[in-house]
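Reviewing the structure listed below.
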Amino acid sequence: MQENTTATQERTESRLRNPQQLVPELAEVGAALFKATGNGTVPRTTISLVQLRVGQIVGSTYLVVLHTGNLRTAGESEERIAAVATWQDAPYFTAAERAALALAEAIAQPSPHGERVSDALFARAGEHYDEKAMATLAMAIGQVNFFVALAVIGKPLPGRPPAEQWTPVEG
């Protein structure tokens, strides 16, 4: 039996050309989503934790690296960042963060039991977030899901400055 010795080669360009160059309106959509989720009702850290978890669930290295970097920039500890994947039994998260992470998982994963967000989960999140914050949290989860398709289909290059993540559209 022959052993597979093919190493994964590092890509030097994204699979999709720069979507913001292809569809310039994307910049406005992204800015509006960032503004809407930054209304102060949900801490930016919680939003980044939720968006990191969605990136992990969908298997996007780009999103994981992006949101890990956002959390590091915000001063989050390596323990909290690393534990997002196993938040259910990690001691690093508040009850409010756990409720937000549970909502993110419920939305990002199919439910074998029907409804993704049960009344019990909604009620648990409602113990920590008022109506505006709940709507903001829903938008934050929707925000990362909006970009999941671009990240998974286009495969921007993780860890690169924004100008280098996407293959430029030539003139």
Could you order Lys132, Lys155 so the one with the most accessible surface comes first? Probe is 1.4 Å. Lys132, Lys155
Using label points projected 7 Å from each Cα along Cα→Cβ, tell me how many nm separate Ser77 and Asn39, to one decimal. 3.3
³J(HN,Hα) across segment 107-114 via Karplus (A = 6.51, B = -1.76, C = 1.60, θ = phi - 60°), whole Hz, x for Gly/Pro? 7, 7, 10, x, 9, x, 10, x
Only Cα pairs under 8 Å and at least 6 apart count here; give the relative contact order of segment 67-171 as a rounded whole percent. 15
Can you tell me the 0 to 90 degree angle between the C-alpha axis of helix 26-37 and the longest principal axis of the chain, rounded to 10? 20
For the chain, what % of the accessible area comes from carbon and sulfur atoms, probe 1.4 Å? 56
Separation in nanometres of the label points that stand 7 Å from Cα toward Cβ, at Glu115 and Ala90: 2.9
Residue by residue, what Karplus-based ³J(HN,Hα) values in Hz, rounded to whole numbers, does segment 93-100 have, using 6.51, -1.76 and 1.60 with θ = phi - 60° and x for Gly and Pro? 10, 6, 4, 5, 5, 5, 5, 5
Per 0.36 nm of contour for each residue apart, how much would the distance between Thr61 and Glu10 grow if the chain were fully extended, relative to their Cα-Cα spacing? 17.1 nm
Out of these labelled values of mean projected area of the Cα convex hull in nm², [x] 10.2; [y] 15.6; [z] 13.5, which was calculated from the coordinates shown here? [z]
As a test of the formula, what do you get for the chain when each DSSP H run with n ≥ 4 contributes -39,500 (n - 2.57) and the sum is divided by the residue count, at 222 nm and rounded to the nearest 500 deg cm²/dmol? -18000 deg cm²/dmol
For Asn18, enumerate residues with amide H under 5 Å from its amide H, sequence gap 5+ or separate chain, H modeled in the peptide plane. Thr167, Val169
Report the local net charge at Ser14: Lys and Arg +1, Asp and Glu -1, summed over other residues whose C-beta lies under 10 Å from its C-beta. +3
Kindly report the accessible area of segment 74-139 per residue (heavy atoms of protein chains, probe 1.4 Å, no ligands, DNA or RNA), in Å². 57
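The values are calculated or read from the model by the stated rules, or taken from the named source; none is laboratory data. Given the structure is predicted, the values throughout are model-derived calculations rather than measurements. All Cβ positions, even for glycine, are placed from backbone atoms using ideal geometry, and neighbour counts span all protein chains on display. Keep in mind that these areas ignore ligands, DNA and RNA; they rest on the heavy atoms of the full protein, side chains included. Shrake-Rupley method; radii C 1.70, N 1.55, O 1.52, S 1.80 Å.
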